[in-house]
1. How do the pairs read when you match residues in segment 111-136 that are within 14 Å of Asp97 (Cα to Cα) with residues anywhere that are open to solvent by less than 100 Å² (accessible area, probe 1.4 Å) and hydroxyl-bearing (Ser, Thr, Tyr), using Cβ under 7 Å and keeping only pairs 6 or more apart or on different chains?
2. Across segment 4-43, what is the number of residues that are assigned to a helix (DSSP H, G or I) and β-branched (Val, Ile, Thr)?
3. Hey, any hits in segment 49-61 for a residue that's touching a Leu at 6+ places or on another chain (Cβ under 8 Å) and either part of a helix (DSSP H, G or I) or at pLDDT below 95 (or both)?
4. Among the residues of segment 25-43, which ones are open to solvent by 100 Å² or more (accessible area, probe 1.4 Å) and over 18 Å from the mean Cα position of the chain (by Cα)?
5. Name the residue, out of Asp66, Asp97, Asp46, that is open to solvent by less than 100 Å² (accessible area, probe 1.4 Å), at pLDDT 95 or above and part of a helix (DSSP H, G or I).
6. Look through segment 69-94, keep the residues that are crowded, with 16+ Cβ neighbours inside 10 Å and in a helix (DSSP H, G or I), and return whichever of them is nearest to the chain's Cα centre (by Cα).
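The values are calculated or read from the model by the stated rules, or taken from the named source; none is laboratory data. Computed from a prediction, not measured in an experiment: that's the story for all the values here. Note: ideal-geometry Cβ built from the backbone for every residue, glycine included; neighbour counts use all protein chains shown. Note: accessible area is taken over every heavy atom of the protein model, side chains too, but ligands, DNA and RNA are not part of it. Shrake-Rupley method; radii C 1.70, N 1.55, O 1.52, S 1.80 Å.
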Amino acid sequence: MRKTGRGRPRTSSLTRAEQLRAAKRAQRARERGAGIAAVALRLTRDEAKRLRIASTARDFKKNLADFLGEMVLDIAKWPRLRELAWNRAGRWIAAEDALALYERNWRFVEPARLTADEARLIERLKTRHGGGVLNA
């Protein structure tokens with residue numbers, strides 16, 4: 001290793017900027033391999049600060065999972081919903097959109113064929129997003 005002027009000796013032939021780019025690329029590859037994705041949100045300054053503080057709470061991930069479970073549904077988990085959403089490409093659907101899909105296509109649902117879990121899901125959706133009414 002040769003010393004280049006002032007400062008510490010060079011241990012790499014790459015410039016500092018190139019080293020940083022390589023390290024960032026390696027970090028992104030590790031995160032992709034671990035199934036981690038970054039999410040960018042546009043929030044007010046106060047909301048962003050509150051979210052940052054909340055994210056340090058011990059139960060934050062559990063509470064976030066519970067919240068997302070109420071707001072976003074996995075289409076594959078619900079048999080009648082899966083049939084109604086046959087033309088959708090994605091795996092997830094917003095809870096409000098799921099309720100609207102049930103309402104628009106209720107004539108195809110056959111309530112007797114609903115599983116107990118899916119019947120409870122529809123009741124929850126009706127209560128939370130439909131004002132207690134299923135417009136079918």
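1. Ile122/Tyr102
2. Residues that pass the stated criteria total 0.
3. Scanning segment 49-61 turns up at least one residue that is touching a Leu at 6+ places or on another chain (Cβ under 8 Å) and either part of a helix (DSSP H, G or I) or at pLDDT below 95 (or both).
4. Answer for segment 25-43, where residues must be open to solvent by 100 Å² or more (accessible area, probe 1.4 Å) and over 18 Å from the mean Cα position of the chain (by Cα): Arg25, Arg28, Arg30.
5. Only one candidate qualifies: Asp97.
6. Among residues in segment 69-94 that are crowded, with 16+ Cβ neighbours inside 10 Å and in a helix (DSSP H, G or I), the one nearest to the chain's Cα centre (by Cα) is Ile75.
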